[in-house]
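Structure record follows, encoded as structure tokens.
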Amino acid sequence: MKKVELKMQLKKVDIKTLVFFVVVAFLTQGSSDNGCGDGTPILDSNGAANGASHLNGVHQAGADPNAPNQVAGDPNGADPNGNGSGDNGTANAGDECSSDNQCGGGQCVGGSCEATVPLRISLVWEVQQDIDLHVITPSGEELYYRNREGAYGGRFSQDGCLQTRCDEGTNTEMVKWNSTPNEGTYEIYAVNYGGGQAVNFQLDILNEGQRERFQGSVGASAGARSGTVAITVGGSTGTGELQISSHRHETWHAGTNQTFTVDTENDDIDRVQYVADGQYDLGSSTRSPNFSNAYNFNSLGEHKIEAKGYGNGDFELDNHEITIVVTDNDGGLPNPGQGAVVSEKLLAKKILEMGGISLYNIQVSGRNDGADSRSNMTASSNGSLAANSSYGNAPGGRTRLNPKMLQAMYLLNQVHGYTFRVTSIAGGSHSAGSQHYYGHAFDVDTINGRSVSGNPTLARQFEAQCAALGASLVLGPGDAGHSTHVHCQWN
Ligand SMILES: [Zn+2]
């Protein structure tokens, strides 16, 4: 398999902004229940429509608002075992979907299944305004709506907006290569065609089985252009010659002091340099022993580590990049109130693995609609959006899970020792405008094996811990509509 190297060609951003995006919501907060309703075992919904909120799109935290930022890498995005649910395992390109699992080994892009191809670059956005995808290939040709057939196999396809007319819901433009693309650097950006308002978008890239997503935006004026994402296709001798052998991709490591080693069969490599997050030099090392290099991280959380192998004359001969999560020795991460430092994908994976948090696999109402807590967490762990329910007040559709919320769940269990059962995250019917629908809140009905309803003191302790972890709203026994469950919310 060819090596994929993703680079930001823009202003470097702090590691925290690489993995942390906030959904900015203007919330008119009700005095009591701002979210729950499905936490009670009987009711699907409640009538209290306080807490109406208004979602204002996804913004990046920090730095350059026009620079697309990489979000969770998704090397497993191709879902090789996915055989679709409810689709007889034979999902076809073009079928509606909410996760890769529904696409029979393909990928879910902008709500439609796409077949696996060697290279696919997709621009996905929700605002009903025309923005355009532009891809400049290594040969210098520009693929976009006016140049749809590349000389080297790239094909532009459009689904969504045409000038001022847009479909409802998700819009997508893409360029696909059904055969092996040319090696080299591909530059990708978006342009606001007619102007009107700023538009947030996602770039969803499949490159030889590796899935990567970037968040970006274009300004409000006609012709406003986003920052550029550059991806490299091929050009490497590939893994096997040089590999980071001390750490596996996407694994968690307790302790900030980490020692990296590299294996290589390339005798021409005589020095390996380690770089974190594309910008922090971790030092370099020679062959004996195993290009070993120790580094003491001063920031916990998710880091991309690249090992670059150099030969005589200081030419870079090979490289290998992995993502790891560094925690402190107690298994902790910083308080999410100060910003989450791990992407929702890796947090969701960890929560599914670690076992102290049980996730309801149906709605409290008894419905089995694929928007239950376990399905939400699984979707997020696959780099997909989590489903909302479509009954009662629930709006349908999909949402990201807030990484601050997931980080708090992780800490509640791993650091603060609570085991608990989550009855609802993005699914279920709650009050209109509930922050559940935006993936900002979760409900808990059992703590340390005891029911919330029968143990209000324990529930209050749990609520207080949510608040200490930066929760913006906590509710439980004693609050209207919350006699049976605790609601913790981050936004
Ligand atoms: Zn709730």
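A short reminder: the numbers here are calculations on the coordinates, not readings from a lab. Everything numeric in this text was worked out from a predicted model, so none of it was measured. Heads up, the Cβs are rebuilt from the backbone with ideal geometry, glycines too, and the neighbour counts pull from every protein chain shown.
Just the number: Rg to Rh for region 196-269, Cα atoms, Kirkwood Rh, two decimals.
Numbers: Rg = 19.0 Å, Rh = 16.5 Å.
Result for region 196-269 is an Rg/Rh of 1.15.
Give the value in nm², to one decimal: projected area of the alpha carbon convex hull of region 338-491, averaged over all directions. Walk me through the numbers before you get to the answer.
On the way: hull surface 31.5 nm².
Seen from a random direction, the Cα hull of region 338-491 projects 7.9 nm² on average.
The percentage of C-alpha pairs in region 413-491 whose separation is greater than 17 Å is 39%.
For region 242-327, go through all pairs of different Cα atoms, get the mean of 1/r, take its inverse, and jot down that Kirkwood value in Å. Provide the component values of the computation, followed by the final result.
On the way: mean 1/r = 0.0784 Å⁻¹.
For region 242-327, the Kirkwood estimate is 12.7 Å.
What does the charge add up to near I305, with Lys and Arg as +1, Asp and Glu as -1, over the other residues with Cβ less than 13 Å from its Cβ?
Working: positive: R248, K304, K308; negative: E250, D277, D281, E302, E306, E321.
Combined, the nearby Lys, Arg, Asp and Glu give -3.
Under a 5 Å amide H cut-off, with hydrogens placed 1.01 Å from N, A220 pairs with A198 among residues at least 5 apart or on other chains.
Of the trypsin sites (Lys or Arg not before Pro) in region 136-212, the ones in a loop by DSSP (not H, G, I, E or B) with at most 14 other beta carbons within 10 Å are R146, R148.
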